[in-house]
Amino acid sequence: MSEAIVLGAGMVGVSAALSLRDRGWNVTLIDRKPPGQETSFGNAGIIQSESVEPYAMPRGIRDLFDIATFRSNDVYYAFRELPLHVSSLLRYWWYSESGRHREIARHYATLIARAAGTHEPIIRRAGADNLIQRSGYRTLYRDGAKFDEALARAKDIEREFGTRFRALDPAETRKEEPALTNAGLGTIHWLEPWTAADPGALVTAYAELFEREGGQFLIGDAESLKALPSGKGWSVRTRAGTVEAEHVVVALGVWSRGLLERFGARFPMVLKRGYHAHYSSPVALNMTLMDSDRGYVMAPMRAGTRITTGAHLARPGQAPVYRQLERAEASANELLSLGNRVEQEPWSGTRPCMPDMLPVIGPVGGQKGLWANFGHGHQGFTLGPASAELLTAMILGEKPPVDPAPFRPGR
Ligand SMILES: Cc1cc2nc3c(=O)[nH]c(=O)nc-3n(C[C@H](O)[C@H](O)[C@H](O)COP(=O)(O)OP(=O)(O)OC[C@H]3O[C@@H](n4cnc5c(N)ncnc54)[C@H](O)[C@@H]3O)c2cc1C
């Protein structure tokens with residue numbers, strides 16, 4: 001039986017482990033924590049079928065001015081931390097130019113198109129249907145010009161990719177969302193995305209399915225990864241002893257970069273930290289809502305209304321800065337009665353963003369049996385199963401479901 005170790009039990013690693021197990025492989029999934037406890041735990045929970053364009057760096061003068069002067073709540077940074085991010089940000093800037101971004105989106109869309117279809121059978125087999133709402137999500141605009149711009153873009157996306165949406169005026173929005181006391185100037189309702197009422201619990205349900213199907217989950221430290229002296233495989237230390245396998249998949253999200261550097265592979269990343277907190281809103285939203293002009297998302301979740309923030313360009317290990325969350329909280333209170341915070345301490349986690357906005361999926365050069373599956377940025381919760389499907393085809397040497405070249409390490 002072919003053997004693989006998958007390092008990292010977030011949405012990306014759990015999906016990869018399950019996909020290989022489904023093909024009859026003997027798979028050990030290793031994490032230092034139980035599955036789904038890091039970035040895959042705290043996100044906004046949207047399976048984003050509409051997100052055919054990855055999140056580009058704003059390049060317009062007005063957007064840049066708003067970021068530089070902290071008028072925008074989308075991005076936060078401290079000047080003294082900027083030198084740490086400069087090289088990745090410059091690459092991100094270069095790839096975000098509209099022509100390059102369009103070309104990148106063409107590849108990204110091939111993977112996004114498979115997102116819901118690859119989640120669906122896993123949700124069913126995992127018995128996790130109770131966590132999923134299939135009614136889309138809404139983006140609310142407070143600025144009429146921005147709404148018109150977004151509407152024109154949504155029409156282009158619908159024409160090109162068939163991604164369906166509805167435009168709602170404020171009265172229609174308020175009718176569908178009685179919790180809102182202010183419905184902005186216009187809303188786009190993306191019809192195809194799904195949302196999870198507890199993203200961490202969905203990853204746990206996928207991991208439990210993996211174990212029921214004969215996969216093994218162990219607590220261990222990925223940093224102990226070593227090539228076997230024979231050159232015919234890899235070993236990792238776990239609490240249950242050392243595990244060896246011919247293949248190893250690195251699915252450590254934002255931590256993949258540090259591990260792979262030891263094996264001579266460098267992957268610059270833009271580290272976009274986000275925060276969340278839950279609130280005891282007296283009247284909950286029916287559906288997830290993005291407050292576009294104020295840079296945050298409000299999601300009705302099991303634990304309460306979850307607010308998730310935009311990007312804090314933080315250094316790893318840097319103390320949390322709650323400024324974006326506090327501003328989001330104030331903005332949300334302009335739209336509805338948010339209620340009290342449920343937890344004392346907000347959560348934080350970091351999106352693993354590649355400067356060219358594409359996840360890294362495929363063989364790591366010069367290292368037999370070492371595979372990459374990370375860098376899913378703003379949509380790793382969405383793309384876990386679709387990436388797993390591609391990776392599995394590459395490992396098995398089968399015809400891949402999408403062109404793998406744009407996603408290969410070292411592209
Ligand atoms: C605020 C916010 C909102 C978001 N909203 C959405 C959304 O709505 N939809 C969407 O699709 N995406 C969203 N994302 C992005 C998404 O959450 C990430 O892309 C995704 O979770 C990445 O998954 P992953 O499995 O690669 O990483 P992770 O979930 O971070 O998993 C990595 C795993 O590696 C483990 N690990 C690390 N180091 C070691 C070690 N040394 N040994 C063993 N294990 C180790 C960790 O414990 C962790 O379990 C959001 C992100 C944020 C921050």
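The values are calculated or read from the model by the stated rules, or taken from the named source; none is laboratory data. Bear in mind the structure is a predicted one, so any value in this text is a computation, not a measurement. Heads up, the Cβs are rebuilt from the backbone with ideal geometry, glycines too, and the neighbour counts pull from every protein chain shown. Heads up: the accessible areas ignore ligands, DNA and RNA and are worked out on the full protein's heavy atoms, side chains in. Shrake-Rupley method; radii C 1.70, N 1.55, O 1.52, S 1.80 Å.
Quick notes on this structure:
- Rg over Rh, two decimals, the range 178-288 (C-alpha only, Kirkwood Rh): 1.13
- Here the sum of -39500 (n - 2.57) over DSSP H runs of 4 or more residues, divided by the residues of the chain, equals -10500 deg cm²/dmol at 222 nm, to the nearest 500.
- Whole-percent pair-distance distribution, where bins are 10 Å wide, for the alpha carbons of the range 108-266: 8, 23, 24, 22, 14, 8, 1
- For the chain, a simple Cβ point-charge model (Lys and Arg +1, Asp and Glu -1, everything else neutral) yields a dipole of about 740 debye relative to the Cα centre.
- Accessible-area composition of the range 134-208, carbon plus sulfur, in percent [1.4 Å probe]: 50 percent
- Label separation (D129 vs A303): 2.7 nm, computed from points 7 Å beyond Cα along the C-beta direction.
- Translational diffusion of the range 218-340, estimated by Stokes-Einstein from the Kirkwood radius over alpha carbon pairs at 37 °C in a medium of 0.692 mPa s, is 184 µm² per second.
- Within straight-line cross-link reach of K232, lysines at Cα separation under 22 Å, skipping those fewer than 8 residues along the same chain: K368
- Partner aspartates and glutamates for K146 [C-alpha distance under 13 Å; skip if fewer than 8 residues away on the same chain]: D63, D291, D293
- Å² of accessible area per residue within the chain, as computed with a 1.4 Å probe and no ligands counted: 42 Å²
- For the range 291-341 versus the range 89-144, the inter-centroid distance based on Cα atoms is 20 Å.
- Of all the options G220, G310, G24, the one that moves most in a Gaussian network model of the chain with Cα springs shorter than 10 angstrom is G24.
- Within the accessible area of the range 282-347 (1.4 Å probe), percent carbon and sulfur: 49 percent
- Element breakdown for the range 1-122 at a 1.4 angstrom probe: carbon and sulfur atoms account for 56% of the accessible area.
- For the chain, the longest principal axis of the alpha carbon atoms and the long axis of helix 98-112 meet at an angle near 70°.
- Relative packing of 370-377, 119-126, 64-71, which averages over residues the other C-beta atoms within 10 Å, highest first: 370-377, 119-126, 64-71
- Magnitude of the charge dipole, the range 218-330, Cβ model with Lys/Arg +1 and Asp/Glu -1, debye to 20: 200 debye
- Choice from V236, V75, V321 showing the highest fluctuation, given a GNM over the chain with Cα pairs closer than 10 Å: V321
- Trypsin sites (Lys or Arg not before Pro) within the range 1-67, DSSP loop, no more than 15 other Cβ atoms inside 10 Å: R23, R59
- Note on the range 215-264: percent of Cα-Cα distances in each 5 Å bin, starting at 0 and stopping at the bin with the largest distance, equals 5, 18, 30, 28, 16, 3.
- Space enclosed by the convex hull of the alpha-carbon atoms of the chain, per residue, Å³: 135 Å³
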